[in-house]
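Written below as structure tokens is the structure these notes are about.
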Amino acid sequence: MSAQSACRETDRGGDAAARGRETLGSRLDARRTRLMPPASTRGRWPKCSARGALTSALMSTSAELGGRSTHVREYYADLPNTRYAALETYMPSNLTISEQLTYSTVRIECLLSDGTAGTGTGFFYKCLDVDDQHVPVIVTNKHVIATAIEGRFHLTLRDDEGNPCTGQHLHISLGNFEQRWIRHPDPDVDMCVMPINPLLQEADTAGHRFFYVPLDKALIPSPTELDDLGALEDVIMIGYPNGIWDHVNNMPIIRRGVTATHPNLNYEGRKEFMIDAACFPGSSGSPVFLYNNGSWANRAGGMVVGGVRVKLLGLLYAGPQHTASGEVQIVTVPTQQRAIAVSSIPNNLGLIIKSARLLEMDDVIRPLIAQAAA
């Protein structure tokens, strides 16, 4: 069977449907891998109503596939239905944990109001994840989408067996891009989310089904799990540094690093910590994972051998840089590469917003849904 015919969009099969509700967290549990021991922001809130934040912002979608442009009809998202993730993702059993993580991110391309373009990283996440219902969102930084008048995602297609169609992906372009995002209410927290279930439903109606791996709250380390971490832990960051990506296969870049400050401490009193890794333009919004494959040390000094330990520690948003004159500044990781008046030199440190901040977005989205349903 050719790759094209294998990746045709068909209805879900029985075996694939049985796997449909699996998440990365459930896969880790099913494998009985031992995880942890038990126990500079721009932009403002969109000037629109609660309904407008999730409805009028989700309009005029156009999709491009295989060089042909398919216009998806203008639509208003039904806000109450955003609560129900009817379009589940599949979880093929042949994907390793690290491979699944590469399908958790999405490349974000923005056309800004000044005519320039920028790229950033987003990742899929389940907000309000309760009783097999959730709000699927894309998470990124506020500064990534600030002043963006148009944005584009690249989403990989899946076949009827639930496998990713490597090399076949859909380009989805969205107007009024900045207004589509729901911002963290704290202006000092560089985080925002876009509910995507209406977009997925519209694509499904048009016969397009995507493969992606949403992260969930099970991957956010608990206080007990954070207590077991040391100051120096292995981390990976997944994204699109300098806009670099495998555009043929729609795959991101994985970078390795270590924690530079203790992940259980609030750096400078903020719910952040620092990593030692190369953080380049385009990496903004990249998820940062605690990642150990095979063995790792626990706080008691013992070694855990066998299995994989994965936890979502946070997302990158900024990093200290020093200027040619020697001044050290904390700046958001830029989305563009362009000439600037003062030479700023990254020093391979990144500031990470702790993943627990994602749980705070539930309190932002919940009343919007309740108001729309009233």
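The values are calculated or read from the model by the stated rules, or taken from the named source; none is laboratory data. Since the model is a prediction, treat every value here as computed from it, not as a measurement. Virtual Cβ from ideal backbone geometry, glycine too; neighbours counted across all protein chains shown.
Hey, any hits in the stretch 171-185 for a residue that's surrounded by fewer than 21 Cβ atoms within 10 Å (Cβ to Cβ), in contact with a strand residue (DSSP E or B) (Cβ under 9 Å, 6 or more places away or on another chain), small (Gly, Ala, Ser) and not assigned by TED's automatic domain parsing to the domain that holds Ala318?
Yes, the conditions are met somewhere in the stretch 171-185.
Taking only the stretch 143-157 into account, find how many residues are touching a helix residue (DSSP H, G or I) at 6+ places or on another chain (Cβ under 9 Å) and either part of a strand (DSSP E or B) or surrounded by 17 or more Cβ atoms within 10 Å (Cβ to Cβ) (or both). Steps first, please.
Pass one, the stretch 143-157, residues touching a helix residue (DSSP H, G or I) at 6+ places or on another chain (Cβ under 9 Å): 145-149, 151, 153, 155.
Going one step further and asking which of them are either part of a strand (DSSP E or B) or surrounded by 17 or more Cβ atoms within 10 Å (Cβ to Cβ) (or both), we end up with 145-146, 148-149, 151, 153, 155.
Matching residues across the stretch 143-157 total 7.
Testing Thr166 on (1) surrounded by fewer than 21 Cβ atoms within 10 Å (Cβ to Cβ); (2) within 28 Å of Asp190 (Cβ to Cβ), one condition comes back false. Which one is that?
Condition (2) is where Thr166 drops out.
Quick check: is even one residue across the stretch 246-254 outside the structural domain of His154 (by TED's automatic domain parsing) and under 17 Å from Ala356 (Cα atoms)?
No, the stretch 246-254 has no match at all.
Residues are listed down the side, and each one gets a yes or a no for (1) touching a Pro at 6+ places or on another chain (Cβ under 8 Å); (2) in the same structural domain as Arg366 (by TED's automatic domain parsing); (3) of a type outside the set (Asp, Glu); (4) closer than 20 Å to Val288 by Cβ:
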{"residue": "Leu112", "(1), (2), (3), (4)": "no, yes, yes, no"}
{"residue": "Thr121", "(1), (2), (3), (4)": "yes, yes, yes, yes"}
{"residue": "Leu128", "(1), (2), (3), (4)": "no, yes, yes, no"}
{"residue": "Ile138", "(1), (2), (3), (4)": "no, yes, yes, yes"}
{"residue": "Asn141", "(1), (2), (3), (4)": "no, yes, yes, yes"}
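Within the stretch 132-141, does at least one residue satisfy the condition of being on the phi > 0 side of the Ramachandran plot, outside any strand (DSSP E or B) and not polar (S, T, N, Q)?
There is at least one residue in the stretch 132-141 that is on the phi > 0 side of the Ramachandran plot, outside any strand (DSSP E or B) and not polar (S, T, N, Q).
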